[in-house]
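J.: The structure's right below; bear with me while I get my questions together.
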Amino acid sequence: MRVSRQLWVPCLLGMLASACQPTAAPPTAAATLDDLARRYVALTQALALHDRSLIDHWLVPAPAAAPRQPIAPLLADTTALRQALEAVPVDRLRADEAWRGRYLQGQARSLHLHARRLAGATTTFAEEARDGLGVTRAEPRATDAAAHRATVARLVPGAAPLAMRVATWMERFRVPETLGQPFFRVALAACQSAARPALGAAVDGPVDVTFVEGLPWDAHARRSDAGVTAIEVRAGPPLTLTRALRLACHEGAAGHQAQYAWRAARATGPQGWPELALVPGFGPDLLLAEGGADAALSLTMPLVRRVEIYRTHLRPLLPSAARPTDAEVDRLVEVEEALQALEPIIGDVAAAYLDGTLGTEAALVRLTDEALVADAEGMLRFIEQRRSRVLAYTLGRHHVRSTLGVDDLASLRAVFPPAP
């Protein structure tokens, strides 16, 4: 049964369930989703003064924030916000309001977790994954991981340690530094062309690409209030065919570029949802954003199309003497798939390391030998900084794909904010 906002809003904080009447709660206790959304935004801003990673960027000019406040009252306010949102009867709202209510509930749970940690609480990795991202991590099966490593070993034979062999072999697909910008642009255009039939204008729009020294992540995309998607790519690690196409599809096209277009359409205007103008670095939002961008990559570029893009769009840009053969390109795609299948091991290592059951050296060994991570030290630093949020990158794609239930790029739209 659909219940109007006029009915459920007055009883929201009174929590009177089915016996609620429009006049049961005093006027001062009434709260709408708009009110709760504004509280969420204000509390996120306040806590971000203690932890800058909570806010990625804004799609509109950031509203003025209150002066820095102590953690204790912020924790109390965050607890109250979580409780108020959990009382919202989302199952009785119309579809778009139900999506909004569930979104705010998940983000408030995560914000409460971060406030608790800032107040000094100790949390387990499993608790952070559950309350911080809304997921339960399944431990990777050793037999599956061994099979994927065996695939990589068959495709990249040699006597050196496997991770070293993979890193050396990937040099075969390296892009000269002088070609980085045009090469990335071609990869971006290929992703946009492949995604446009399913997602339309959301994959278009102006894009700026820069290579930046010292980025803490491989690449990052922001959308300005003028609608320009600015993609920063970490300079230093070699750009390869694999890295160029993966980052172009993840940060642009059907990845973050489309996501930001959908968010901006719902965040702005007279009936806009202010919480979506804030792009957070936490919560189920982060899981869907990163998982959705990775899912967009695999849905936009299935194996056959990826081989075609490598062969016909990217390989011709390489110097003729350094161009990989058709057979090498085929092997590259197989190696990519096997390495991607090993990513859950990163979450397993992160859980053991952050819970104190795995030491630094052992963690580095597992990341190198089991997950075949090229830069194990860099990955461990990322785990230390982002903690359970690393699961957004290793588990998010599987979560989104299982939510969709179909291998269809157009269906990805349903995961994100409904159109206004």
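The values are calculated or read from the model by the stated rules, or taken from the named source; none is laboratory data. Keep in mind that what you see is a predicted model, and the values were worked out from it rather than measured. Every residue, glycine among them, receives a Cβ derived from its backbone with ideal geometry; neighbour counts consider all protein chains shown.
J.: Just checking, does the stretch 278-298 include any residue being among the polar types (S, T, N, Q), in a helix (DSSP H, G or I) and surrounded by fewer than 21 Cβ atoms within 10 Å (Cβ to Cβ)?
T.: Initially, the stretch 278-298 is screened for residues among the polar types (S, T, N, Q), giving 298.
If we keep only those that are in a helix (DSSP H, G or I) too, we end up with 298.
From what's left, surrounded by fewer than 21 Cβ atoms within 10 Å (Cβ to Cβ): 298.
Yes, the stretch 278-298 contains a residue that is among the polar types (S, T, N, Q), in a helix (DSSP H, G or I) and surrounded by fewer than 21 Cβ atoms within 10 Å (Cβ to Cβ).
J.: I'm trying to understand the selection: among the residues of the stretch 160-171, which are within 22 Å of Arg323 (Cα to Cα), more than 27 Å from the chain's Cα centre (by Cα) and buried (at least 16 other Cβ atoms within 10 Å of the Cβ)?
T.: Within the stretch 160-171, Arg165, Trp169 meet the criteria.
J.: Please list, ordered by first then second residue, the pairs with beta carbon atoms under 7 Å, 6 or more apart or interchain, first in the stretch 313-328 and closer than 14 Å to Ala244 by Cβ and loosely packed, with under 13 Cβ neighbours inside 10 Å, second modelled with pLDDT of 95 or more and among the acidic types (Asp, Glu).
T.: No pair meets every condition.
J.: Working only within the stretch 399-420, note down all residues that are touching a residue at least 24 places away in the same chain (Cβ under 8 Å) and β-branched (Val, Ile, Thr).
T.: Within the stretch 399-420, Val400, Val415 qualify.
J.: Within the stretch 114-129, count every residue that is acidic (Asp, Glu) and touching a residue at least 24 places away in the same chain (Cβ under 8 Å).
T.: Filtering the stretch 114-129 for residues acidic (Asp, Glu) gives 127-128.
Going one step further and asking which of them are touching a residue at least 24 places away in the same chain (Cβ under 8 Å), we end up with 128.
Residues that pass the stated criteria total 1.
J.: So, in the stretch 118-159, how many residues would count as being surrounded by fewer than 16 Cβ atoms within 10 Å (Cβ to Cβ), at pLDDT 95 or above and among the basic types (Lys, Arg)?
T.: Going through the stretch 118-159 one residue at a time, the tally reaches 1.
J.: Here is a follow-up. Name every residue in the stretch 344-386 that is buried (at least 19 other Cβ atoms within 10 Å of the Cβ) and either in contact with an Asp or Glu (Cβ under 6 Å, 6 or more places away or on another chain) or of a type outside the set (A, V, I, L, M) (or both), in order of residue number.
T.: Pro344, Ile345, Gly347, Asp348, Tyr353, Arg366, Thr368, Glu370, Phe382, Arg386
J.: Sticking with this structure for a sec: Scan the stretch 81-117 for residues that are loosely packed, with under 15 Cβ neighbours inside 10 Å and small (Gly, Ala, Ser) and report the count.
T.: 1
J.: Give the stretch 54-107 a look and list any residue that's under 16 Å from Leu278 (Cβ atoms), at pLDDT 95 or above and of a type in the set (Gly, Ala, Ser), or say none.
T.: Gly106
Residues are listed down the side, and each one gets a yes or a no for (1) assigned to a loop (DSSP other than H, G, I, E, B); (2) under 19 Å from Ala374 (Cβ atoms):
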{"position": "Ala108", "(1), (2)": "no, no"}
{"position": "Ala115", "(1), (2)": "no, no"}
{"position": "Thr122", "(1), (2)": "yes, no"}
{"position": "Leu179", "(1), (2)": "no, no"}
{"position": "Arg185", "(1), (2)": "no, no"}
{"position": "Leu188", "(1), (2)": "no, no"}
{"position": "Ala201", "(1), (2)": "no, no"}
{"position": "Thr210", "(1), (2)": "no, no"}
{"position": "Pro216", "(1), (2)": "yes, yes"}
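J.: If you check Ala414, Ala410, which single one turns out to be over 30 Å from Glu361 (Cβ atoms), in contact with a Pro (Cβ under 9 Å, 6 or more places away or on another chain) and part of a helix (DSSP H, G or I)?
T.: Criteria check complete, one pass: Ala410.
J.: Any idea which of (1) buried (at least 18 other Cβ atoms within 10 Å of the Cβ); (2) closer than 24 Å to Arg38 by Cβ; (3) touching a His at 6+ places or on another chain (Cβ under 8 Å) is the one Arg68 doesn't satisfy?
T.: For Arg68, the failing item is (1).
J.: Report yes if some residue within the stretch 230-243 is crowded, with 19+ Cβ neighbours inside 10 Å, assigned to a helix (DSSP H, G or I) and in contact (Cβ under 8 Å) with a residue 40 or more places away in the chain; otherwise report no.
T.: Yes; the residues of the stretch 230-243 include at least one that is crowded, with 19+ Cβ neighbours inside 10 Å, assigned to a helix (DSSP H, G or I) and in contact (Cβ under 8 Å) with a residue 40 or more places away in the chain.
J.: Kindly evaluate Ala194 against the criterion of being in contact with a His (Cβ under 9 Å, 6 or more places away or on another chain), in a helix (DSSP H, G or I), farther than 25 Å from Phe382 by Cβ and of a type in the set (A, V, I, L, M, F, W, C).
T.: no
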